[in-house]
Amino acid sequence: MSAQLQITNLQKRFGGLVAVNGVSFTLSPGEVVGLLGPNGSGKTTVMNMISGALPCDGGTVQVGGTDITRMKPHKVAKHGVARTFQLVRPLPTLNVAENVLLALAFGKKRHWGREARELVDQKLEFVGLAGRGEEKVGNLTYIDQKRLEMARALASEPDLLLLDEWLAGLNPSELRIGIDLVQHLQGQGMTVLLVEHIMEAVRALCSRCIVMSAGEKIAEGASAEVLRDPAVIKAYLGDDHA
Amino acid sequence: MKTSYAFALAGAALVVLALAPMFIPEYWTGVLLGMTGYVTLATAWALFSGPTRYVSLATVAFFGVGAYTVAVLNEVMPYPLVLLCAAGIGMVMALVVGLSTLRLAGVYFVIFTFGLAELVRQTVSWWEVNVTYTMGRYVFLPFEGRHIYWQLLALAALTFLIAWAMGRSRIGLALKALGDDETVASHAGVDVTRIKLLLFVISSTIITLVGAIQAPRWTYIEPSIVFNPTVSFMTLIMALLGGAMRLWGPLVGAVPLFLLFEWLSVSFPDHFSIILGLLFILIVFVMPNGVLAKIDDLRKGGRA
Amino acid sequence: MLEHVVNGLVLGGTYALVAMGLTIQYGIARIMNLSFGDTIIAACFATYVLFTSLSISPILALLILVPSGYALSNVVYRVIMKPLVARAPDEGALEVDSILVTFGLLFVIQGILLYLFGGGYTSYSFFNTPINVLGTVVAGNRLLALVLSLMIGAALVIILFRTRWGMILRAVALAPKSAPLFGIDTDRAARTAFAIGGAIAATGGVVISMFQTFTATAGVVFTMKALIVVILGGKGSVPGAIVAGLLLGLVETFVAAYVDPGLTLAAVYTVFLLLLLVRPNGIFGKA
Amino acid sequence: MKTSFSEAIRSARRLTTCAAAALLVATGTIGASAQERDKVTIGYAISKSGPNAGGADMTVTPNYELWIEEVNAAGGLKLPDGSQLPIEVIAYDDRSSAEEVVRAVERLATQDEVDFILPPWGTGFNLAVAPLMAKFGYPHLAGAAVTDKAPEFVKRWDTSYWFMGGSVDYVDAFTEILVAEREAGRINDKIAMVSVADGFGIDLVKAARPSFEEAGFDISYDKTFPPETSDFATILSEAANSEADTFVAFSYPPHTFALTKQAKVASFSPPVFYLGVGAGFPVYPNIAGGSVEGVMSLGGIDPNNELNSTYRAKHEEVIGRAPDYWGSVLIYASLQMLEQTIERVGLDKQAIAEELSTGTFSTVLGEETRLEDNQLRAINWVGQWQDGQFVAVSPEGGNGLAAVKLPKPDWE
């Protein structure tokens, strides 16, 4: 079976700074993979290039066998790639249901009318916001905003989900809920690329990890092994701990 | 149920307004005409500028182009065709302008659109002076105030219908979303540029038509008359006063403001500017988000 | 050729002078002041009255009107702008509010001038003396505008970049939200900046009244020209305003000489629009 | 959605209330107006603010005020039966907007139901109100409007009267002077001409080109400038380079003043120096620093006409400043004609219209002022500053005109 996501030799420079240098990796359908690395190592830049938010200076991104390297974000979304944002970004003039409806109406397929409303309820129920569609997003708690963020991403009906530190900032019990949700998705066969700092979550969710440092890929492999890799520890904690 | 009520009511209001010139003196038809013109301008303006928060001062550029098209073409082709031409020209101009400017944001867009209005005016002047050797043009169409009023009323109704339908459509949802956060909207699959362009074109075409329809009222057209920047400012103020984010906002702003201007110029012709200015400052202080938002606030306050 | 350069610079001097005041008000005090041109016109009328009724020379009038401009703008900021700044949740809201409120102020000033002086053309002649600059004869009063704009510009640059006060003003311009964390009185800084802008407007008015015919309603023309220069030069940048102002003068003069005087304004707007598309933050603006 | 529906309903209700209120007000005033006549109401809409205010404030408004004050001071308008009625004035500000001026005239006609409407300032605005004046049956004494199409307009609106002539008239009279000067060997055959890019400038320049060329002149510099122009250094230096002995500017007051100042600075003093509106303003000598001798423009007066001198003195006394030397006197004459017409035929608009077309009147222009085909033709087309007065001139002089004195002396 072909790869769900294949990125090859990705390059990005900001002025003189090389942010991403020759990164390549592949995700098979149904895989949940962690993208790790210290702050500033280029993880979010990679996410942004996959989702079309940043143009690539070199290399290619393929999703389900199609080259999406030069696509604008809305095209990428229609191509079955959805994302969440590092800091939650609910749309405040829309209510909870409308936030989700937006992605349904403009996602991979165009849903509108009664059918769309049913799908909205479905998504809200899935993330645990059942019956709260009419609420203002400003009134949601932090975990509920995270849930909404997830519901909106899922409403695009993606084949590939990019979660950018989606679990960050949750307390232990909320974290449990969050991990469960992703596991639930995993069970449905969703391919997920996960940028994450919380090792507990990475261990629980990811069969495989990719580690970046200073814009380059420094390690890739099964989570348990990668997390023991001295090079990875050095990248995270500095030379003294190697 | 509610929708059909509202429609019935709006329809009835439309009929009353359409019949009004039969019963009221000419002057009041003129007032209704001017008011309908501004209601249409403000609503069309808010159609684009409300959700996208792009403050456009190009209103008079399109308005003037519409009026000029009528002035140039009114003797060579039948009137409906002239209107169609005006709409077409406005549409093309909006496309060109939109494609080149919609990536500017904030005050840059404001100044750009103002510059655009002046550029169009200067270019038309220069063209008339050096190429056609005429400046003023005459529009002798057999229209009286009420004929123009009826046309404007129809256009206003159409504008409201478009705005209403837009508010209920996918595009309306996308518009609200991109007003909040363009990045999120685009990652949800919304083609942000295309939707903004579409809205800009629709809004500008309506504005062009308002200019075209109103042109026969002045008999004589020259750039300083039809590219009068006051039109842009008035439109903006009216829309903002009522609340540019709501369907009825521009109407709620335009009607009282227009009547106020009329009353001021009748009652205080020598102190018009001072009173107008003071009122303006007062409005900004008392109703920062527009009348409708203020009413909402008061209602909420009353309940709490 | 040299003649056109001289004429262009002299013309541009007026633009630069006028634009500096606005760029400081907009850049540092963050007030988009649409009534700026009307302040200039008010100063024009004041100079005219002082000159014709009280025989006070416009040069002396500077000594009276510039401090008045400072004081009045200071009061305007305290009374009208401060509440708006205080309530604005973000920069965009303040921008819209300041546009609206100064639009109202524009009408108030204009209305008062109309009431006092009527709508007629006003003009007088002062220092309309030929002065030879590099072989080109220019009017003394226009040259004065250029000299003043360069002097004021230089003074402002020195103040902004060499003094503690200037550093405070620049800090407020760059980060109005975090400046108070460093013990900076943002309100006072913004008020001062707004008042300096008003003083420059008064200077411009005094000089302009010497050579230009003015009416009570002509303010918006100055506002628009100044606005264009400000945007071209980059919001809040004094050197930018000077360079853009002089550039505009040169463009107008060269188009008038070599293309067609009828296209001067069209050319200005074209340059402006093109530059805005290529460098949306102005010549000296930061991306 | 809910809120917007209820808002819709409320807004609709508000609109209907407005319309109803409008109806009420309207019917109310109609009912009140049928009373015994104790006054004559005269209305006008004029640009008190906006870009047109400058022109209106110079030529039109002061004359309206002067005339009304004079008439009322004398006991009011005389009627054929010898009785007198005072004038009541309703004056609106059209804010220099075409839409406002149209609506203000509608208001005067149908709401205030005034007896007479005086015209606004400017060619464009006079044309904007012309159809309404005709429709409501008011005689339209278009004062401040220069147009060559007056004969056509008279056919279209047979109660319109045009008092300022057309551009061809002004230009032809000027060309006549130029031809005489060239034949006398005082000027060469080159003309430098600039004009403001709006209705007035274009109309005149359009008439001037063929007129000059037919007379054998070569227009060596011919440019237009936008109305916002304030700096004329480049234009004048290019005009000087063209080696023309005649400089013509069809300009508005701000340009006229700026051109004069710049010409003095640049010592540009061609034998013939002709400027547009503003050169005939009483303030002009101050602007030129006193030395205006020989400057030419449109209009001019006959300093020996006593009626005119009396008028000027009165204007200065009542308004506080002198009238201009061109439009003011024409406007004032049109008002005098209206006054005398009412004295002869009463307040019936139809009769007034007829009398205006056919009668002979005594005005500041002369004892026998009359209209030809509803147009005033006895206009002074060219004026020149001579000894501190802006006098009407022709090549030879005579018939109330002075002889032109050229070449213009250098600036002092």
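Taken together, the values in this text are just the output of simple stated rules run on the coordinates, not laboratory data. All values reported here derive from a predicted model rather than from experimental measurement. We place every Cβ from the backbone using ideal geometry, glycine too, and count neighbours over all the protein chains shown.
Quick look at the values:
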{"item": "Quotient of C-alpha Rg and 2.2 N^0.38 Å, computed over the stretch A:170-219", "result": "1.26"}
{"item": "For chain B, built as a Gaussian network whose Cα springs stay under 10 Å, the top-fluctuating residue of B:149, B:68, B:108", "result": "B:108"}
{"item": "Kyte-Doolittle at least 1.0, axis length at least 24 Å by Cα - qualifying DSSP helices, chain B", "result": "B:2-23, B:79-101, B:192-214, B:249-267"}
{"item": "Listed residues D:214, D:339, D:354, most fluctuating in chain D (Gaussian network, C-alpha, under 10 Å)", "result": "D:214"}
{"item": "Inter-label distance for residue A:75 and residue A:89, nm, one decimal - labels placed 7 Å from Cα along Cα-to-Cβ", "result": "2.0 nm"}
{"item": "Unsatisfied cross-links (Cα-Cα over 26 Å) in the set A:12/A:75; D:190/D:408; C:177/C:225; A:75/C:235", "result": "C:177/C:225; A:75/C:235"}
{"item": "Sequence-distant residues sharing a close amide H with residue A:36 (under 5 Å, placed H)", "result": "A:210, A:211, A:212"}
{"item": "Karplus 3J(HN,Hα) series, Hz, for the stretch C:16-28 with 6.51 cos²θ - 1.76 cosθ + 1.60 (x for Gly, Pro)", "result": "5, 4, 5, 6, 4, x, 5, 5, 6, 5, 7, x, 9"}
{"item": "Helix axis angle, D:2-33 relative to chain D longest principal axis, alpha carbon, degrees", "result": "90 degrees"}
{"item": "Residue D:250 long-range amide H proximity, modeled H, under 5 Å", "result": "D:194, D:195, D:196"}
{"item": "Rounded if a/c under 1.5, otherwise prolate or oblate - the stretch C:170-287, Cα gyration tensor axes", "result": "oblate"}
{"item": "Order of B:60, A:192, D:391, C:157 - criterion: other Cβ atoms within 10 Å of each residue's Cβ, fewest first", "result": "C:157, A:192, D:391, B:60"}
{"item": "For C:4-12, mean number of other protein chain Cβ atoms within 10 Å", "result": "2"}
{"item": "Cα-based helix-to-principal-axis angle, A:96-106 vs chain A, degrees rounded to 10", "result": "70 degrees"}
{"item": "For the stretch D:130-142, 3J(HN,Hα) per residue [Karplus equation, 6.51 cos²θ - 1.76 cosθ + 1.60, θ = phi - 60°, Hz, x = Gly/Pro]", "result": "3, x, 6, 4, 5, 5, 8, x, 8, x, 10, 8, 5"}
{"item": "Folded to 0 to 90 degrees: helix A:114-127 orientation relative to chain A principal axis, Cα", "result": "50 degrees"}
{"item": "Residues B:271, C:4 arranged by fewest to most Cβ contacts within 10 Å", "result": "B:271, C:4"}
{"item": "Ranked packing of A:193-200, C:124-131, most packed first, by mean Cβ within 10 Å", "result": "A:193-200, C:124-131"}
{"item": "Check: chain D dipole with +1 on Lys, Arg Cβ and -1 on Asp, Glu Cβ, in debye", "result": "1420 debye"}
{"item": "Using θ = phi - 60° and Karplus 6.51 cos²θ - 1.76 cosθ + 1.60, couplings along the stretch D:97-106 (whole Hz; Gly, Pro as x)", "result": "10, 4, 5, 5, 5, 5, 5, 5, 5, 4"}
{"item": "Simple label model, 7 Å out from Cα along Cβ direction - residue B:268 to residue A:125, nm", "result": "6.2 nm"}
{"item": "Choice from D:349, D:48, D:135 showing the highest fluctuation, given a GNM over chain D with Cα pairs closer than 10 Å", "result": "D:135"}
{"item": "Ranking of D:245, D:38, D:231, B:297 by count of other Cβ atoms within 10 Å, fewest first", "result": "D:38, B:297, D:245, D:231"}
{"item": "Candidate lysines for bridging to residue B:2, where Cα separation is under 18 Å - those fewer than 8 sequence places away on the same chain excluded", "result": "D:2"}
{"item": "Average Cα contact separation per residue, chain B, under 8 Å, 6 or more apart, as relative contact order %", "result": "32 percent"}
{"item": "Within the stretch B:9-228: Cβ-based charge dipole about Cα centre, in debye rounded to nearest 20 (Lys, Arg +1; Asp, Glu -1)", "result": "360 debye"}
{"item": "Packing-based ranking, highest mean first, of A:110-116, D:113-119 given that Cβ atoms within 10 Å are counted", "result": "D:113-119, A:110-116"}
{"item": "MRE, 222 nm, helices only [DSSP H, n ≥ 4, -39500 (n - 2.57), over the protein assembly as shown, to nearest 500]", "result": "-19000 deg cm²/dmol"}
{"item": "Gyration tensor verdict on the stretch B:9-228 (Cα atoms; rounded if a/c is under 1.5, prolate if a/b is larger than b/c, oblate otherwise)", "result": "oblate"}
{"item": "Chain C - percent relative contact order, Cα under 8 Å, separation 6 or more", "result": "40 percent"}
{"item": "Exercise: per-residue mean of other protein chain Cβ atoms within 10 Å, D:193-206", "result": "5"}
{"item": "Shape of the protein assembly as shown, Cα gyration tensor, a/c cut at 1.5", "result": "prolate"}
{"item": "Charge context of residue D:391, other residues only, Cβ under 11 angstrom, K/R +1, D/E -1", "result": "-1"}
{"item": "Exercise: per-residue mean of other protein chain Cβ atoms within 10 Å, B:16-28", "result": "6"}
{"item": "Dipole magnitude of the protein assembly as shown, debye to nearest 20 (Cβ charges: Lys/Arg +1, Asp/Glu -1, about Cα centre)", "result": "5440 debye"}
{"item": "Dipole axis of the protein assembly as shown (+1 Lys, Arg; -1 Asp, Glu on Cβ), positive-most option in B:21, C:230, B:89", "result": "C:230"}
